[in-house]
Amino acid sequence: MGKILVIHGPNLNMLGMREPEVYGRMTLTEINESLMDAAKKAGVELRTFQSNHEGELVDAIQEALGTYDAIIINPGAYTHTSVALRDAIAAVAIPTVEVHLSNIYKREEFRHHSYVSEVAAGQICGFGVDSYFLGLRAALKLIGDME
Ligand code: DQA
């Protein structure tokens, strides 16, 4: 059975109450539960993890080695700053899908560059919560669990 790890970066624990006009009203718990349901239907195992700390996110990526077949990551603001996250993804070489709720290219200039997309298989952004589900679809394809 395929195994997928979903990693949420800083401030995503505040979804639902955080700038709902940008990020929607669904809470992280609701998003995680829906992702688990979708994964179950697709016949894969899915675990979720959130941290506000860069080092903990690096640890989670490193610990995925040997256990997970794909990673779906919303690195939050670390997208635009973190060489460490980029290097961790490159180091483990686990197929990784980068997702963002908002369309980062329509927003402030500092959000236009992603360190993570340089090492991700691809990036999905701008579809709100659906970005995660499109990300799951992409991850399933990457691990060969979907036609
Ligand atoms: C985000 C976009 C980032 O620029 C921002 O810092 C976030 C959320 C998104 O999902 O749209 O925290 O990754």
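The values are calculated or read from the model by the stated rules, or taken from the named source; none is laboratory data. Given the structure is predicted, the values throughout are model-derived calculations rather than measurements. Cβ coordinates were reconstructed from backbone atoms using ideal geometry, including for glycine residues, and neighbour counts include every protein chain displayed. Note: accessible area is taken over every heavy atom of the protein model, side chains too, but ligands, DNA and RNA are not part of it. Shrake-Rupley method; radii C 1.70, N 1.55, O 1.52, S 1.80 Å.
May I ask you to verify whether A121 is more than 20 Å from N52 (Cα to Cα), away from the ligand (no atom under 13 Å from the Cβ) and loosely packed, with under 15 Cβ neighbours inside 10 Å? Reasoning before the result, please.
On the way: more than 20 Å from N52 (Cα to Cα): yes; away from the ligand (no atom under 13 Å from the Cβ): yes; loosely packed, with under 15 Cβ neighbours inside 10 Å: no.
No, not satisfied.
Specify which of the listed residues (E45, E33, E19, E54) is of a type in the set (D, E, K, R), within 25 Å of R107 (Cβ to Cβ) and at pLDDT 95 or above.
Numbers: E45 fails: within 25 Å of R107 (Cβ to Cβ); E33 fails: within 25 Å of R107 (Cβ to Cβ); E19 fails: at pLDDT 95 or above.
After ruling out the rest, the residue left standing is E54.
In this structure, does L65 turn out to be outside any strand (DSSP E or B), open to solvent by 60 Å² or more (accessible area, probe 1.4 Å) and under 24 Å from G2 (Cβ atoms)?
Numbers: outside any strand (DSSP E or B): yes; open to solvent by 60 Å² or more (accessible area, probe 1.4 Å): yes; under 24 Å from G2 (Cβ atoms): yes.
Here the answer is yes, as L65 does meet what is asked.
Being within 15 Å of the ligand (Cβ to nearest atom), without any contact (Cβ under 8 Å) to a residue 24 or more places away in the chain and open to solvent by less than 60 Å² (accessible area, probe 1.4 Å) narrows it down to one residue among R111, R18; which is it? Give the steps one after another, and end with the answer.
Numbers: R111 fails: without any contact (Cβ under 8 Å) to a residue 24 or more places away in the chain.
Result: R18 is the single residue among R111, R18 that is within 15 Å of the ligand (Cβ to nearest atom), without any contact (Cβ under 8 Å) to a residue 24 or more places away in the chain and open to solvent by less than 60 Å² (accessible area, probe 1.4 Å).
Which of the residues belonging to segment 32-74 are within 17 Å of D130 (Cβ to Cβ) and not β-branched (V, I, T)?
Across segment 32-74, the qualifying residues are N32, E33, S34, L35, M36, D37, A38, A39, K41, A42, L46, N74.
Only one residue in A90, A77, A70 is closer than 14 Å to I4 by Cα, open to solvent by less than 70 Å² (accessible area, probe 1.4 Å) and not aromatic (F, W, Y), so which one is that?
Details: A90 fails: closer than 14 Å to I4 by Cα; A77 fails: closer than 14 Å to I4 by Cα.
Every option except A70 fails the conditions.
For segment 129-144, indicate whether the set of residues that are of a type in the set (F, W, Y) and open to solvent by 70 Å² or more (accessible area, probe 1.4 Å) is non-empty.
no
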